[in-house]
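Novice: The structure's right below; bear with me while I get my questions together.
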Amino acid sequence: MNTLFIQYFYLQVLDLMTTLAFLLNGIREGNPVVRFFLVNAPNPVMGLLLVKVGAIALGIYCWRGGRQRLLTYINVLFAAVVAWNLAALILNTAQAA
C-alpha cells in the first residue's frame, strides 16, 4: 500500500478524533459540509462517520488513480487541519480552567 494513502488514512482518523473531541467539549464544527452531516444524520457520530467514509473513498480514488501530487497536497492540508483542531482544543481547555 502506498505511503501517501497510509498517511492520508491516518490524518483522517486524527481529524475524526479531534472532531469528536470538539463535540464533547462544545466546540462548533467549522466545516459547513461536516456541520450539515452532523445536524442531519440520525446522530452526530453517524454523520461524522459518513463524511469520513466519503473522504476515505476519495483517498482510495486518488491513490488508485495515480494522483500522488493531489494526495500529497491533501495530506498537507489535513495535517494543518489537525494541528488547528488541537490548538483550538488546547485554547478551549485553557479558557475553561
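Read-outs: derived from the displayed coordinates by stated rules, not from any lab. Because the structure is predicted, anything quoted here is derived from the model rather than measured. Quick reminder, even Gly has a Cβ in these numbers, built from the backbone with ideal geometry, and neighbours come from all protein chains shown.
Novice: Just to be sure I understand, how many residues within segment 23-38 are touching a helix residue (DSSP H, G or I) at 6+ places or on another chain (Cβ under 7 Å) and within 19 Å of Thr93 (Cα to Cα)?
Specialist: Within segment 23-38, residues that are touching a helix residue (DSSP H, G or I) at 6+ places or on another chain (Cβ under 7 Å) and within 19 Å of Thr93 (Cα to Cα) number 4.
Novice: Is at least one residue of segment 44-57 farther than 27 Å from Thr3 by Cβ and touching a residue at least 24 places away in the same chain (Cβ under 8 Å)?
Specialist: Looking through segment 44-57, at least one residue is farther than 27 Å from Thr3 by Cβ and touching a residue at least 24 places away in the same chain (Cβ under 8 Å).
Novice: Something else about it: Being within 17 Å of the chain's Cα centre (by Cα) and more than 13 Å from Asp15 (Cα to Cα): is that true of Ile56 here?
Specialist: On the way: within 17 Å of the chain's Cα centre (by Cα): yes; more than 13 Å from Asp15 (Cα to Cα): no.
Against the criterion (within 17 Å of the chain's Cα centre (by Cα) and more than 13 Å from Asp15 (Cα to Cα)), Ile56 does not qualify.
Novice: Still on this structure: Given the conditions (1) of a type in the set (A, V, I, L, M, F, W, C); (2) within 30 Å of Ala96 (Cβ to Cβ); (3) out of contact with any helix residue (DSSP H, G or I) (no Cβ under 9 Å at 6 or more places or on another chain), and given that Ile6 satisfies all but one, which numbered condition is not satisfied?
Specialist: (2)
Novice: Among the residues of segment 69-77, is there at least one that is surrounded by 12 or more Cβ atoms within 10 Å (Cβ to Cβ) and within 12 Å of the chain's Cα centre (by Cα)?
Specialist: Yes, that holds for at least one residue.
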